[in-house]
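The values are calculated or read from the model by the stated rules, or taken from the named source; none is laboratory data. Since the model is a prediction, treat every value here as computed from it, not as a measurement. Here the Cβ positions follow ideal geometry from the backbone for every residue, glycine too, while neighbour counts run over all protein chains shown. The area values use the complete protein model at the heavy-atom level, side chains included, leaving out ligands, DNA and RNA. Shrake-Rupley method; radii C 1.70, N 1.55, O 1.52, S 1.80 Å.
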Amino acid sequence: EFGKAGFAKDLVAERGLGAEARWLWHMLTACGAVMLLTALIGGSRRILHSTALSLGLLWLSYGFLVHPILDASSSGQALMERARERAGGQEIGLVAWKEQNLLQAQGPVADFGYRKPDPLQLALAIEWMQRAPQTRVLMVMQSPKLSCIDFGGPGSINLERANRRSWWLVEERAVQRCNPAILSLQP
């Protein structure tokens with residue numbers, strides 16, 4: 001993938017980065033220039049010193065500049081902030097979720113088993129949501145296994161893409177076509 005044209009543009013789009021991505025490329029260019037300069041100045045006699053300095057610079061640059069910029073998109077932090085903002089005070093039930101979603105969750109959340117199949121998670125989540133539909137909403141990763149959900153219809157809010165996946169907040173009316181009894185039988 002690195003050799004294809006537009007790799008950088010695809011990376012920025014997948015991670016949902018904005019203008020801050022420009023600084024990443026500037027930082028990489030500056031690191032490369034300093035690495036080249038240390039190699040030229042150090043010569044063959046100081047190759048270990050040049051290499052150590054270059055790797056140290058790269059490591060520190062990543063830790064202090066790159067990681068803070070990529071953290072929100074890599075860790076699920078931005079997604080969970082958007083979900084909490086859109087859900088307001090409602091409790092969020094996680095369906096077809098990833099570990100990072102629970103780790104970055106803000107406010108009250110419920111899960112229905114990390115290792116359980118997605119349809120079974122949805123069946124349990126629907127029953128949970130129906131016990132208090134005014135105060136509960138589901139955050140769902142869009143998946144062919146969950147095609148009974150009316151993604152994009154009434155009662156669904158697109159949380160956009162994060163980590164190359166589409167995420168939605170869905171209310172009870174968006175899962176009306178879903179039958180929990182049938183879902184719990186699906187693998």
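Identify all residues within the stretch 47-89 that are open to solvent by 40 Å² or more (accessible area, probe 1.4 Å), closer than 30 Å to Q142 by Cβ and of a type in the set (S, T, N, Q); write none if there are none. Selection gives S74, Q77. Within the stretch 153-165, residues that are of a type in the set (V, I, T) reach partners that are part of a strand (DSSP E or B) with beta carbons closer than 6 Å, at six or more positions or on different chains, in the pairs I157/L169. Among residues belonging to the stretch 132-177 that are in a strand (DSSP E or B) and aromatic (F, W, Y), point out the one that is nearest to the chain's Cα centre (by Cα). Checking each candidate, the answer is W167.
Taking the condition at pLDDT below 80, loosely packed, with under 12 Cβ neighbours inside 10 Å, closer than 30 Å to W167 by Cβ and aliphatic (A, V, I, L, M), does A19 pass? It is true that A19 is at pLDDT below 80, loosely packed, with under 12 Cβ neighbours inside 10 Å, closer than 30 Å to W167 by Cβ and aliphatic (A, V, I, L, M). Take the stretch 67-101 and flag every residue that is without any contact (Cβ under 8 Å) to a residue 12 or more places away in the chain and part of a helix (DSSP H, G or I). Across the stretch 67-101, the qualifying residues are H67, P68, D71, A72, E85. Can you tell me which residues in the stretch 97-108 are touching a helix residue (DSSP H, G or I) at 6+ places or on another chain (Cβ under 7 Å) and crowded, with 16+ Cβ neighbours inside 10 Å? Within the stretch 97-108, Q100, N101, Q104, A105 meet the criteria. In summary, W128 fulfils each of the numbered conditions (1) touching an Asp or Glu at 6+ places or on another chain (Cβ under 8 Å); (2) part of a helix (DSSP H, G or I) with the single exception of condition (1).
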